[in-house]
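*Asks:* Quick one: this structure, given as structure tokens, is what I'll be asking you about.
None of the figures in this text is laboratory data; all of them are computed from the coordinates on show. Note that this is a predicted model, so its numbers are computed, not measured.
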């Protein structure tokens, strides 16, 4: 099945730009309480993901080194622990399963590498459950039965 059916569009995704400062990134992530968000460049291309841990270690390095404050350091200068692999919009849900085992979400790009949204691990698990005929307690499908 095409991943478009499970795509959370860019307009509904919390993301940051690679020129955001550490402080601005933290402010952008704070309301959602997400532990990781996609990073885009100003052309809309996906360049990676940033985690709370990356930010905390970055703040610690700034403090220890006496470097500039979090209000002036762009997030692109931080070391990142991992890189969430992006997939092309034309791939199938089945192709996402191995990646979902390592990532909470999978960034999705178009043929030019422009970020268009994410597919969440939860939606991949829902897809797999539906394929196997599993109905989660309290789900809409269970209520219909």
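*Asks:* Can you tell me the relative contact order of the chain? Whole percent, Cα pairs under 8 Å, sequence separation 6 or more.
*Replies:* Numbers: 210 pairs, mean separation 39.5, N = 145.
Result for the chain is 27 percent.
*Asks:* Among 105, 46, 20, which one shows the highest mean-square fluctuation when the chain is modelled as a Gaussian network with alpha-carbon springs under 10 Å?
*Replies:* Per the Cα network of the chain with a 10 Å cutoff, 20 tops the list.
*Asks:* While we're here: Kirkwood hydrodynamic radius of the range 61-109 from all distinct Cα pairs, in Å? All intermediate terms of the calculation are to be shown ahead of the outcome.
*Replies:* Details: mean 1/r = 0.0736 Å⁻¹.
Across the range 61-109, the inverse of the average 1/r is 13.6 Å.
*Asks:* Quick check: the angle from helix 121-132's long axis to the longest principal axis of the chain, C-alpha only, nearest 10 degrees?
*Replies:* 10
*Asks:* Dividing the alpha-carbon Rg of the range 17-145 by 2.2 N^0.38 Å yields what? Walk me through the numbers on the way to the answer.
*Replies:* Details: Rg = 17.9 Å, N = 129, 2.2 N^0.38 = 13.9 Å.
For the range 17-145, the normalised Cα radius of gyration comes out at 1.28.
*Asks:* How compact is the range 1-81 by the rule of thumb for globular proteins, expressed as Cα Rg over 2.2 N^0.38 Å?
*Replies:* On the way: Rg = 13.9 Å, N = 81, 2.2 N^0.38 = 11.7 Å.
So the range 1-81 has a normalised radius of gyration of 1.19.
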